[in-house]
Amino acid sequence: MIIYAVAGFGIVGVAIGGFFGNLNWKWLSAIIIGLLVIAMTAGILMYMTESDIKENAITIQDSLINAS
């Protein structure tokens, strides 16, 4: 959960840079792609191992699906 707070500060920093006319699209896209990869970790692991993680004792959860 701490990574989402840190990414929030990064997004705010990029937004402040955009407000002053210095928008860095590389940083913004890196933050977005990084958050998507972190949020979909469980789905990626299930796809690569062709198994269901919930059957095992691993408690990795997909935060995009289980966000509610």
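Express the carbon and sulfur contribution to the solvent-accessible surface of region 6-55 as a percent, rounded to the nearest whole number, probe 1.4 angstrom. Here it works out to 74 percent.
Each peptide in 11-24, 34-47 receives the mean, over its residues, of other Cβ atoms within 10 Å, and ordering these scores from highest gives 34-47, 11-24.
Segment Y4..N24, full-extension length gain: 5.2 nm, with 0.36 nm per residue of separation and the alpha-carbon distance subtracted.
The values are calculated or read from the model by the stated rules, or taken from the named source; none is laboratory data. Given the structure is predicted, the values throughout are model-derived calculations rather than measurements. Virtual Cβ from ideal backbone geometry, glycine too; neighbours counted across all protein chains shown. Side chains are part of the model used for accessible areas, which takes the heavy atoms of the whole protein and leaves out ligands, DNA and RNA. Shrake-Rupley method; radii C 1.70, N 1.55, O 1.52, S 1.80 Å.
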